[in-house]
1. Go through the range 300-321 and give me each residue that's surrounded by fewer than 17 Cβ atoms within 10 Å (Cβ to Cβ), of a type outside the set (K, R) and in a helix (DSSP H, G or I).
2. Looking at the range 23-129, what strands (runs of 3 or more DSSP E) fall wholly within it and have at least 3 residues that are closer than 14 Å to H12 by Cα?
3. Would you point out the residue of the range 241-276, among those that are charged (D, E, K, R) and surrounded by fewer than 17 Cβ atoms within 10 Å (Cβ to Cβ), that is nearest to I171 (Cα to Cα)?
4. Take the conditions within 17 Å of T54 (Cα to Cα), at pLDDT 85 or above and of a type in the set (S, T, N, Q) and apply them to Q76. Does it pass?
5. Any residue in the range 287-299 that is surrounded by 13 or more Cβ atoms within 10 Å (Cβ to Cβ), modelled with pLDDT under 95 and under 26 Å from R179 (Cβ atoms)?
6. Identify the single condition in (1) touching a residue at least 24 places away in the same chain (Cβ under 8 Å); (2) part of a loop (DSSP other than H, G, I, E, B); (3) farther than 16 Å from A189 by Cα that I245 does not satisfy, given that it satisfies every other one.
7. Just to be sure before I move on: is R269 among the basic types (K, R), at pLDDT 95 or above, touching a helix residue (DSSP H, G or I) at 6+ places or on another chain (Cβ under 9 Å) and not in a loop (DSSP other than H, G, I, E, B) in the structure I sent?
8. What is the one condition in (1) closer than 18 Å to I112 by Cα; (2) hydroxyl-bearing (S, T, Y); (3) surrounded by fewer than 21 Cβ atoms within 10 Å (Cβ to Cβ) that T32 does not satisfy?
Amino acid sequence: MNHFIYGGKRPHILIVDDDAPDRELLRSVLKTEADVSEVTNGGEAIAWLAENRTDLMLLEYDMDGLNGLEVLRRMQEITPLKNVPVVLLTSDASDELAATEEGLRIGAVDFIRKPFAPPVLLLRVRRILQFEYLRQNLEYEVAAQTKLARDRLTASQKLFHETVLALAKTIDAKDEYTRGHSERVAKYARQIAERAGESPERQEQIYQMGLLHDIGKIGIPGTIINKTSRLSDEEYAVIKSHTTIGAGILRMIEEFPELSIGARSHHERYDGRGYPEGLTGDAIPKAARMIAVADAYDAMTSTRSYRAALSQAVVRAEIEKGKGSQFDPELADLMLAMIDDDTAFTMHD
């Protein structure tokens with residue numbers, strides 16, 4: 001018996017038959033893969049079931065005393081026995097049709113006709129046991145399989161998050177002044193998304209986009225990224241290319257096609273004066289508009305190679321000034337509300 005399919009345990013079968021050779025044949029076929037008990041008549045079967053449990057009963061239809069159908073009827077009157085699966089055994093072809101109809105009506109799950117071929121008997125018993133196990137344990141199995149799927153998904157999501165976070169730290173490590181920048185931008189963007197009424201799933205997606213918004217800087221020489229003096233036009237063009245480089249890298253992740261949006265469009269401006277495409281207003285993906293505000297806030301509140309961190313008041317004034325030009329005004333207002341709520345000045349920690 002495939003114990004995994006049957007729930008990881010060895011099943012039990014009760015044979016009820018007044019024919020000794022038939023009992024011996026049934027026992028010899030089934031004993032290698034199931035625990036087997038035997039009784040010789042219907043009365044013994046009812047008495048045995050009152051004291052023991054079984055996973056399947058093979059019940060001879062034509063016996064002296066209580067016949068198979070009478071045993072079935074008695075079992076239906078005893079609550080604990082109603083759910084015991086019963087297979088009727090019959091050797092009288094003339095009675096088979098009537099017994100089949102009546103037996104199924106009373107509660108039998110199947111019929112096996114004598115004489116039977118041992119391999120066929122074994123296969124049918126296996127199938128019945130597996131079906132009955134799943135039927136009786138369906139709720140448990142569904143819950144168990146759902147939990148297994150959820151655990152696997154959680155593990156996969158955790159691995160993805162850890163990989164993305166490691167990439168973000170690698171990106172930020174190229175610039176000694178931007179350690180933690182990507183993670184902070186992702187955190188701010190998620191908070192904006194939450195205030196904007198986005199679903200928890202969408203908030204998490206925007207967080208992931210924020211973590212990798214600067215991934216294209218992998219392709220930018222460190223001498224340009226860490227330059228303390230003014231960039232030349234050529235160097236600035238190289239810096240700007242991190243948006244398209246990043247989008248090209250992230251586009252390869254087919255499971256999350258939107259992941260490239262933050263990388264490509266976080267330097268677009270609401271008034272169309274941004275890059276790389278010069279998009280305006282709502283043509284800029286909303287996630288990128290959120291990341292743009294978050295990115296600007298962190299850039300202004302962080303010490304950079306060319307200036308010290310700006311005060312919260314100055315940063316607030318700059319974001320207010322950029323509403324409708326650099327930033328989506330509604331999303332800028334959400335960022336301003338976050339600043340106003342940060343009375344202890346801990347948001348950038």
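1. A313, V314, A317, E318, E320
2. 35-39, 56-60
3. Pass one, the range 241-276, residues charged (D, E, K, R): 251, 254-255, 258, 264, 268-269, 271, 273.
Cutting the leftovers down to surrounded by fewer than 17 Cβ atoms within 10 Å (Cβ to Cβ) gives us 251, 254-255, 258, 271, 273.
Numbers: R251: 17, E254: 22, E255: 22, E258: 20, D271: 29, R273: 26 Å.
Selected residue: R251.
4. yes
5. yes
6. (2)
7. Numbers: among the basic types (K, R): yes; at pLDDT 95 or above: yes; touching a helix residue (DSSP H, G or I) at 6+ places or on another chain (Cβ under 9 Å): yes; not in a loop (DSSP other than H, G, I, E, B): no.
Against the criterion (among the basic types (K, R), at pLDDT 95 or above, touching a helix residue (DSSP H, G or I) at 6+ places or on another chain (Cβ under 9 Å) and not in a loop (DSSP other than H, G, I, E, B)), R269 does not qualify.
8. Single failed check for T32: (1).
The values are calculated or read from the model by the stated rules, or taken from the named source; none is laboratory data. Owing to the predicted nature of the structure, the values given are computational and were not obtained by experimental measurement. As a convention, Cβ positions derive from the backbone with ideal geometry for all residues, glycine included, and neighbour counts pool all protein chains shown.
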